[in-house]
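Peer 1: Quick one: this structure, given as structure tokens, is what I'll be asking you about.
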Amino acid sequence: MKTIIEPFKIKVTEPIRFTTEKERKKILEKAYYNVFQINSENVIIDLLTDSGTSAMSHHQWAAMLQADESYAGARSFFKLEKVVRDLTSMPHFFPTHQGRAAERILYGVLSRKKRYFISNTHFDTTRANIEYAGGTAIDIPCKEARDTQSDYPFKGNIDLEKLETLLKKYTTKVGSVIMTVTNNSGGGQPVSMDNIKQVRYLCDKYQTLLVIDCCRIAENAWFVKHKEPNYQKKSYYQIAQEMFRYADAAIMSAKKDGLVNMGGFLTLKDQKLAEECQNLLIITEGFTTYGGLSGRDMEALAVGLQEVFDKDYLQYRIRSTAYLGEHLDKLGIPVVKPFGGHAIYVDAKKFYNHIPSHQFPGQALVCDLYIKGGIRSVEIGSLMFGKSANGKFIPAQWELVRLAIPRRVYTQSHIEYIIEVFENIKKTKHQSKGYKIIYEPPFLRHFTCKLKQV
Ligand code: F0G
């Protein structure tokens, strides 16, 4: 069948409030052209993130009613612990309120001696937590990732040659290698099992830890099964299990493939490291059997972590994301290829080639999508990752706009609407202008910075 149907029926609905273009222009101006500062009731289609925005199943809601909210030794904790252990085979498990809390704990411990962290690409909170704790984060995506138009199936891979060079150079100063699966900041591209195996080999050779940032590991498993030789017969769950076996630790923002609105965890093999992390967990998140979560959060996550590997769900998830990508591509909008699992990324540098990087072409597209269609998206380019050194602007590697698709939330007609908005934007794209920053904080500036049109 060519038609993708959502493998669920809708039982509860949330109304969408419609706004006019005129209203949206005023709203955006008041938000200083930063869409993080817009109230969600003023958004028609929210593609800001796929994080914490999933619709939960009735099995998850039902499980929440059975939660044990005890401070210590809650039944809900043991239920979740079993699900995570079966999946990851790691003996130590700590729930946290979201992914970055797990990052703060693990990288807080590992960065203490001013170490280096090497990744296919650190997500922004990962980098921020490492740098905040005194470490240095180095991104070495594979060479194929540089060309946003090539069809190479595993552009989320790390550059193995550069990895070996860096491991040799920094030896004991390496805190860990971090594989972000899928590679969110690099276009949501998957990582192959082969690449993970090679990384494991190098981590053994140079005696370094391998951490998997696994928040989209089910989506990654879909790509491994369908694009990598020898995995066709394995289930998505078995593929994820295998990937975890190569790691020493994993951090999960469960707000993605956990199919929950809040939650995360840290899971580890090493006893001594686990003890150090546990101390920080208790000081900053909560006691070991709840971390930063309530019993009902843990119940919902225990169910979500199993549901996400359902073959019909994953097929729908990956195909419906690709549907948006294919249609934008047909319209001549430059999109990153191949399409990742959770989002479509528009190459704004190519699309708005009249706007230079220092005037944030990605942010210009983000603003146009909001004005023309009430669509909220996010810039992943020089606004998020650009830096200045001695007054000189250093652009990010890419100028992308991410259209992240919340899980089980929007139907095909919502996607048709997005495609139509792009059709309209394309007609007037030459009139779009760039932006400049008039206020920025020291870390993660894209969340709170203020902008002005140039
Ligand atoms: N790692 C990756 C790869 C992520 O994508 C995120 C969050 C985190 C870690 C941090 O997790 O938000 O639960 O603290 N990504 C969201 C996004 C925010 O929109 O991509 P968190």
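Peer 1: For the chain, give the share of DSSP beta bridges that are antiparallel, in percent and rounded to the nearest 5; count only bridges with both residues there.
Peer 2: Taking every DSSP beta bridge with both residues in the chain, the antiparallel ones total about 60 percent.
Peer 1: So which trypsin sites (Lys or Arg not before Pro) in the range 96-129 are both in a DSSP loop and have at most 13 other Cβ atoms within 10 Å of their Cβ?
Peer 2: ARG112, LYS113, LYS114
Peer 1: Moving to a separate point now. Check ILE380: other-chain or 5+ apart residues with amide H under 5 Å from its amide H, H built from backbone geometry?
Peer 2: Sorted by chain and number, the residues that satisfy this are LEU400, VAL401, ARG402.
Peer 1: Check which residues have an amide H placed less than 5 Å from THR96's amide H, if you skip close sequence neighbours.
Peer 2: GLY264, PHE265, LEU266, GLY292
Peer 1: May I ask you to sort SER40, SER176 by Cβ crowding, counting other Cβ atoms within 10 Å and putting the fewest first?
Peer 2: Ascending number of Cβ neighbours within 10 Å: SER40, SER176.
Peer 1: Could you list PHE422, PHE94, PHE244, PHE287 so that the one with the fewest beta carbons within 10 Å of its beta carbon is first and the one with the most is last?
Peer 2: Taking fewest neighbouring Cβ atoms as first place, the list is PHE287, PHE244, PHE422, PHE94.
Peer 1: If you don't mind, another one. Looking at this model, which pairs from LYS143/LYS349; LYS227/LYS311; LYS155/LYS233; LYS205/LYS337; LYS2/LYS372; LYS113/LYS197 are more than 25 angstrom apart at the alpha-carbon?
Peer 2: With Cα atoms farther than 25 Å apart: LYS205/LYS337; LYS2/LYS372; LYS113/LYS197.
Peer 1: Largest first, please: the extent of the C-alpha atoms of the chain along each principal axis, to the nearest Å.
Peer 2: Per principal axis, max minus min of the Cα coordinates gives 59, 55, 44 Å.
Peer 1: State to the nearest 20 debye the size of the charge dipole of the chain about its Cα centre, where the only charges are +1 on K and R beta carbons and -1 on D and E beta carbons.
Peer 2: Here the chain has a charge dipole of around 940 debye.
Peer 1: Can you list the residues, at least 5 places off or on another chain, whose amide H is less than 5 Å from the amide H of GLY175, using H built in the peptide plane?
Peer 2: Residues meeting the criterion, in which the H sits 1.01 Å from N, are TYR116, PHE117.
Peer 1: To the nearest 20 debye, what is the magnitude of the charge dipole of the range 58-307 about its Cα centre, counting +1 on the Cβ of each Lys and Arg and -1 on the Cβ of each Asp and Glu?
Peer 2: 540
Peer 1: Could you order the peptides 135-142, 15-22, 425-432 from most to least packed, using the average number of other C-beta atoms within 10 Å per residue?
Peer 2: Packing proxy ranking, top to bottom: 135-142, 425-432, 15-22.
Peer 1: Separate question: As a footprinting exposure proxy, order HIS446, HIS58, HIS354 by other Cβ within 10 Å, with the fewest listed first.
Peer 2: HIS58, HIS354, HIS446
Peer 1: Separate question: Residue by residue, what Karplus-based ³J(HN,Hα) values in Hz, rounded to whole numbers, does the range 268-282 have, using 6.51, -1.76 and 1.60 with θ = phi - 60° and x for Gly and Pro?
Peer 2: 9, 8, 7, 5, 5, 4, 4, 5, 5, 5, 4, 4, 5, 4, 5
Peer 1: Counting only helical runs of four or more DSSP H residues, what would the 222 nm mean residue ellipticity of the chain come to if each run contributes -39,500 (n - 2.57) and the total is spread over all its residues?
Peer 2: When only DSSP H runs of four or more count, the value is -12500 deg cm²/dmol.
Peer 1: Can you compute 3J(HN,Hα) from phi for each residue in the range 116-125, using the Karplus curve 6.51 cos²θ - 1.76 cosθ + 1.60 with θ = phi - 60°, rounded to whole Hz and x for Gly and Pro?
Peer 2: 9, 10, 10, 9, 4, 5, 6, 5, 4, 6
Peer 1: Next question. Across 10 Å bins from the origin, how do the percents of Cα pairs in the range 58-307 run, short distances first?
Peer 2: Calculated over all Cα pairs of the range 58-307, the distribution is 8, 33, 36, 19, 4, 0 percent.
Every number here is computed from the coordinates shown, using simple stated rules; none is lab data. Note that this is a predicted model, so its numbers are computed, not measured. Note: ideal-geometry Cβ built from the backbone for every residue, glycine included; neighbour counts use all protein chains shown.
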